[in-house]
1. Using label points projected 7 Å from each Cα along Cα→Cβ, tell me how many nm separate Trp62 and Arg80, to one decimal.
2. Full-extension gain between Ala72 and Ala43, please, as 0.36 nm times their residue separation minus the C-alpha to C-alpha distance.
3. I'd like to check one number: the per residue accessible area of the range 29-99, probe 1.4 Å, reported in Å² as a whole number.
4. At 1.4 Å probe size, with no ligands or nucleic acids counted, give the accessible surface of Thr84 in Å², nearest ten.
5. Relative to the present Cα-Cα distance, how much length would full extension add between Tyr93 and Glu153 at 0.36 nm per residue of separation?
6. Sort 135-144, 46-55 for me by packing, meaning the mean count of neighbouring Cβ atoms within 10 Å per residue, highest on top.
7. Would you mind getting me the FRET efficiency between Leu21 and Ser142? Use the beta-carbon distance for r and R0 = 45 Å, nearest 0.05.
Amino acid sequence: MPDIARPIAAGLRELAGPAALLERWETAQAVGRVLAPVARSLAPGIDLLAQGRCDLRDGVLWIAVQSAAESAKLRQAAPRMLATLSANGWQVYEMKTRVQAGASSYPGQGTDPPSSSGMAFAAVTDRGVAAVESAARQLPESPLQRAVERLAETLRRRSGVR
C-alpha cells in the first residue's frame, strides 16, 4: 500500500515549477533566520521571520518593511547585514527595501473605532462648505479632487445647504 500521508513538500519537489517556488521560500526563510538577530538589534519591532518579509533573487535581497522608518534603519545597516550574510555563505550583492502596501507599524491601526465616536460633529458653516467646494473646483481631475468633492457633499448635507 503506498504511503499517501507523505509531506506535501515532498510531492511539490517532484514538479519543476512548485519545486522552484519551494526552494525560493526555503531560501527566504533561511536568510530571514540569519538576519533576524541583526534586525532585532536595530529595532525590536522588525521581524524578518514573518511570512513574505525576505526574498533573495539573483544576488539581491528584498526586504518588505512596514514603514519608511523601518526601511531607513535597514538601509543604514545594509553593510552590516550583507557582511552577516556573507559570513554565513550567502552571496548577496545588494539589499533593497520596500514598504509593504497596507501594512501598519501600529498594532491594531484601522481596527479601533473613531476617536470622536459618540461626540457631536462640529458646526458646519455655509462659508466652510463654500471653501471646500472652491478647493475641489481648483484641483485637477484626480482621486484627491474626488475625495474633496465627497467631503464637500458631506459638509453640505450636515450644514443643510443645498
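The values are calculated or read from the model by the stated rules, or taken from the named source; none is laboratory data. Owing to the predicted nature of the structure, the values given are computational and were not obtained by experimental measurement. When we count neighbours, we look across all protein chains shown, and the Cβ atoms used for this are built from the backbone with ideal geometry, even at glycine. Ligands, DNA and RNA are excluded from the accessible area calculation, which covers all protein heavy atoms including side chains. Shrake-Rupley method; radii C 1.70, N 1.55, O 1.52, S 1.80 Å.
1. 2.6 nm
2. Roughly 9.3 nm would be gained on extension.
3. 53 Å²
4. 40 Å²
5. 16.3 nm
6. 46-55, 135-144
7. After rounding to 0.05, the efficiency reads 0.70.
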